[in-house]
Amino acid sequence: MKKALEGIRVCDLSHVLAAPTTSMILADFGAEVFHIEPPRGDDAREYGPFIDDQSAYFISINRNKKSVVIDLKKEEGKDVLRDFIKVSDVVLENFRPDTMEKLGFSYEEIKKINPKIIYASICGFGHDILPQFKEKPSYDMVVQAYSGLMSINGPVGGPPCRVGTSVGDIVTGYQCAIAILVALLYREKTGIGQKIDISMLDGLVYILENAIVRYTVSGEIPKPLGTMHPTITPFQAYKTKDEWITVPLGNDHLWTEFCKMINRQDLLNDPRFKTNKLRTEHRDELNEILDKIFESKTYKEWEELFEKNDLPYSPINTIDKVVNDTAVNYRKMITEIDQPKVGKIKIAGSPFKMSETPGNVYAHAPLLGEHTREVLKNILNYPDNKIEDLRAKKVIYTYEDIEKMKE
């Protein structure tokens, strides 16, 4: 299978989720990702659930990468990193803004090592930020809260609610991947590298969609609406006799067909519901009517009606149903890898379906230090005696070294 980013090398100093999402995307497209880890390993290796002694969390976001263990607290370890930077196209990290500078690897210093390098950073509030935010520790939940996302998520009248997946990390991981691809294209045209400064706060503000303009245009402060859409009605979930069903009727035509389906053409002539704007203004009154209608049938009965009338709907699937769903599996969104010491494990596949260069899962997530020797020998061209000397000095660690430390 063709790999669009084959030949691109990524020196990946990242940890946990945000930037590892970026390097996973690049690796799925064939970039060679060297995941540089400290002797204790990426923090994500300590996050559950576990299969034997391996983190399934880590496995799920680090496929297709190579693990190299270097102690960057030692000067010789920094020399090894400098050699990696010389042969890399991208340096990726998600530390606090001053961490790389303290290590001696600011963008200005990295540029001296490799003038064409693309240096990409993700952090909570960005590098170019007011001084009081420079040292502010940040996790996904911090930016979900600070960005306002939690204030519009959750049930009507309920407390602030975290989105059920780490969107602050994942969204910015995708945004950083896009920025790197743009920077690679720009470098191809001009020969010039650049610094990429991605803020998790920026990333979530960017996706707040109509919440921002609702406030700037009307002065209304958006609040949680549960499953309801703020400006389209009906566009939400309703409880049937036994299960929930989502009903997104995004235009007047769909509303008309829906009213015919439920034999309530009278609603079409009701002055409160004639347009989407009016239905949204009178949402509570409309839902009093629709709640009773949906409660009159089972989900399966409604499913048959929606299918027959070609109207949009969906069940609210639990994760077990998603993993076993025919549509999801047809699209190969649940893929199986053969993980060392664990065996077969199912993880999410690549969403990038392309006719020539699709994203692909082709290798397991690396064991800690699994590729240290291989990469130093084949990529950095270190002779065996130099590798063994660095091992003896505990500057680098192979997988075998890590295992001995556990004994």
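The values are calculated or read from the model by the stated rules, or taken from the named source; none is laboratory data. Since the model is a prediction, treat every value here as computed from it, not as a measurement. Cβ sites come from the backbone with ideal geometry, for glycine too, and all protein chains shown count toward neighbours.
Quick notes on this structure:
- Test: residue in the stretch 262-280 that is in contact with a strand residue (DSSP E or B) (Cβ under 8 Å, 6 or more places away or on another chain), within 24 Å of K300 (Cβ to Cβ) and surrounded by 17 or more Cβ atoms within 10 Å (Cβ to Cβ): no
- The stretch 146-183, residues that are under 25 Å from R214 (Cβ atoms) and part of a helix (DSSP H, G or I): Y146, L149, M150, S151, I152, V167, G168, I170, V171, T172, Y174, Q175
- Test: residue in the stretch 357-374 that is without any contact (Cβ under 8 Å) to a residue 60 or more places away in the chain, part of a helix (DSSP H, G or I) and either assigned by TED's automatic domain parsing to the domain that holds S60 or not acidic (D, E) (or both): yes
- Selection of the stretch 115-151 for residues being in contact (Cβ under 8 Å) with a residue 60 or more places away in the chain, surrounded by 19 or more Cβ atoms within 10 Å (Cβ to Cβ) and aliphatic (A, V, I, L, M) yields I117, I118, A120, I122, V143.
- Conditions (1) assigned to a strand (DSSP E or B); (2) under 25 Å from V182 (Cα atoms); number of the one not met by R96: (1)
Rundown of residues vs (1) part of a loop (DSSP other than H, G, I, E, B); (2) of a type in the set (G, A, S); (3) touching a residue at least 12 places away in the same chain (Cβ under 8 Å), yes/no style:
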{"residue": "S23", "(1), (2), (3)": "no, yes, yes"}
{"residue": "F34", "(1), (2), (3)": "no, no, yes"}
{"residue": "P39", "(1), (2), (3)": "yes, no, yes"}
{"residue": "Y57", "(1), (2), (3)": "no, no, yes"}
{"residue": "S60", "(1), (2), (3)": "no, yes, yes"}
{"residue": "V68", "(1), (2), (3)": "no, no, yes"}
{"residue": "D79", "(1), (2), (3)": "no, no, no"}
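- Filter pass, F105 being surrounded by fewer than 19 Cβ atoms within 10 Å (Cβ to Cβ) and closer than 30 Å to L201 by Cβ: no
- Only residues that are assigned to a loop (DSSP other than H, G, I, E, B), of a type outside the set (S, T, N, Q) and without any contact (Cβ under 8 Å) to a residue 24 or more places away in the chain were counted across the stretch 318-353, and they come to 7.
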